[in-house]
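Remarks on the structure that follows.
The values are calculated or read from the model by the stated rules, or taken from the named source; none is laboratory data. Given the structure is predicted, the values throughout are model-derived calculations rather than measurements. Cβ sites come from the backbone with ideal geometry, for glycine too, and all protein chains shown count toward neighbours.
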Amino acid sequence: MTSILDKNIHDLVSGLNKTMFTSDSIGKSGFLQRLDPRVKMIASLTIILMASIKASLLYLLFLYIICLLSMIASYLKPAKMFRIWLILPFFSLFLSVPLIFSFVTPGRSIVHLFGSTSITLEGLLLAARFLLRIAVCVTSVQAVLFTSRWDHMMKAFEFFHIPPGVLFVLSLTYRYINVLLTAALDMMLARKSRTVGRQSAGAARSGVGIIAGNLMVKSITLSGEVRDAMVSRGYTGKIRTVNNFIFHSRDVLVGLSLIGIIGIGFLSA
Amino acid sequence: MHIPDGYLSPQTEALMAAATAPFLVKASRQLEKKYNKLTLPLVGVFGAFSFLIMMFNLPLPGGTTGHAVGTVITALVLGPWLSMVSVTLALVIQAFFFGDGGILALGANIFNMAVVMSIVGYGLFLLLKKITQRESLEPFLAAVSGYIAINVAAFCAGVELGLQPLLFHSSNGHALYFPYPLAISVPAMMIGHLALAGLAEGFITFFAYSWIQRRFPKLLHQQTAANLPISWKPIVLGIAVLIVIAPIGLLAHGTAWGEWGRAELFRRGLSYIPQGFDRWNSIWSAPLSGYNLPLLHNSAAGYIVSALSGVILILAIVAISIFVSRRIRKKRTSTTST
């Protein structure tokens, strides 16, 4: 069964693409790309928080339109936006379908289907709120991800007073995902090149399990080497970082708009 | 099992973050004690490993494939604390840089996949190892621990989701967040994990463990031989927390499925009560029936007292069994030596 190796190779390559190559939309000079990463992160968190707190359908729609408009103003390709909307909340869409029927949400019937089953207004509103909330949360995070460099985002975390040790480990993790991804890909490709004919499911399982075990041993060796290399270069356990972000007037404007968004949220209640 | 944002209420998310924090603080202190302050590079690389292991596809019976979380094999080789921190790092990177799993829901996701899986997987493995005491069985025990740990984590996720419509609904009774109650959310989570994800976790733990055991046995002995000393403080604290939150059961309406009494069966439309049922049903009347003590005039207090009595009773039974088994063993050794 070489297909499982192919599936793993495919997933690892796409993972490698995601971590190594930044999105093409980052290089564009759009609205979100020009914003300070700290402001973008605060804006995204504020939108998620407001979407979680407020239950008003109109307000959720307002937040969703803001997210979409800022993505359009950042020159994100419509296909990419559609993919975000379609794939990520797909599970939520699947979950929300039964909500519209009278046997799950009783209420005023809009469309009568069969027997005592109908589509209810309450069910539709419930499903719409559930879906809109997920859509707002997903798009606000994805808008930041598609328009920010990971190292800038990592630096933006400092603004939230996250201890430098934690940030250092996070950036180390991100970097070594690349290294271990390449190692895992090499192992999968080596196994695929040695595999002739059909392989039983048991042998395929054992193969993937052995690669996972081998990867763990490699990580243990690598972590020791990384630590020794850092110590030999003068690392004592103390973390120093450089922060070169500058606030611009557009960042202040977005900050003020956020206050407006929060205000509208509480006034709409 | 990655819960996205919008599924849980902010209150639940805050509570889950608060429940996770002490474990992570304890884990980082343990790591500092074990590896000193040069521990950071180690943790970073293992975070990357945990991220990667979640990407592996495994073929499952029936022609499907499944992803494992990989927490249990990490806990068995690196220890539960290092596993907790490395899986947490992987989850943070997934949420912030790949949009997988919610940002506000991170506390719940870390609790389920990093804390619960590490503790249950590692603890269960040590317990099974102690009972069987056979090295050749260890990969199988690791697989069982992996299978059970991921299912316990899925159960936790199911409960967190299923509590939402019970606790957070609008004035007309409609759910504000995840809309399905416990009766749907728990089975829905469990079926997928019992049938697919659990097998994936079991397989990856089995094969990775047996390979490391064959090729690098020293790595396993470093961790599992130098077992962390059992500290009673967190166990007692955990049981105390569980006793205090016992009245949460009052939130659920009706009786658990299949646990109906005489009156409930009639209410459900059964026209007669089988003779055998009636005879055996009345043979024993429990002293704390329905976890309620009428003397207290408070059902929540009744639940707490019932939970406390239950724990004391179980501890007493365990203590008596240990005492009896020790006496029997002592007797046997004295007869064989003579």
If you check B:Ile148 against the conditions, is it within 14 Å of chain A (Cβ to nearest Cβ), assigned to a helix (DSSP H, G or I) and either surrounded by fewer than 24 Cβ atoms within 10 Å (Cβ to Cβ) or at positive phi (or both)?
-> no
Does B:Ile3 satisfy being out of contact with any Cys (no Cβ under 7 Å at 6 or more places or on another chain) and in contact (Cβ under 8 Å) with a residue 60 or more places away in the chain?
-> yes
Does the range A:226-243 hold any residues that are assigned to a helix (DSSP H, G or I), at pLDDT below 85 and either in contact with a strand residue (DSSP E or B) (Cβ under 7 Å, 6 or more places away or on another chain) or more than 8 Å from chain B (Cβ to nearest Cβ) (or both), and which are they?
-> A:Asp228
Among the charged types (D, E, K, R) and within 8 Å of chain B (Cβ to nearest Cβ): does that describe A:Arg191?
-> no
Only one of (1) within 19 Å of B:Ser210 (Cα to Cα); (2) at pLDDT 85 or above; (3) β-branched (Val, Ile, Thr) fails for A:Val179. Which number is that?
-> (1)
Per-region count, the range A:34-54, residues surrounded by fewer than 18 Cβ atoms within 10 Å (Cβ to Cβ) and in a loop (DSSP other than H, G, I, E, B) = 1
From the list B:Ser118, B:Ser136, which one is hydroxyl-bearing (Ser, Thr, Tyr) and touching a residue at least 40 places away in the same chain (Cβ under 8 Å)?
-> B:Ser118
Extreme residue, nearest to B:Gln94 (Cα to Cα), among residues of the range A:105-163 that are among the basic types (Lys, Arg) and part of a helix (DSSP H, G or I) = A:Lys155
Evaluate the following for B:Ala68: is it aliphatic (A, V, I, L, M), under 24 Å from the mean Cα position of the chain (by Cα), buried (at least 24 other Cβ atoms within 10 Å of the Cβ) and at pLDDT below 85?
-> yes
Single residue of B:Ala95, B:Ala17, B:Ala48 found to be under 30 Å from B:Pro165 (Cα atoms) and crowded, with 21+ Cβ neighbours inside 10 Å = B:Ala95
Helices (runs of 4 or more DSSP H) (entirely within the range B:32-138) containing at least 3 residues that are within 12 Å of chain A (Cβ to nearest Cβ) = B:40-53, B:71-78, B:80-97
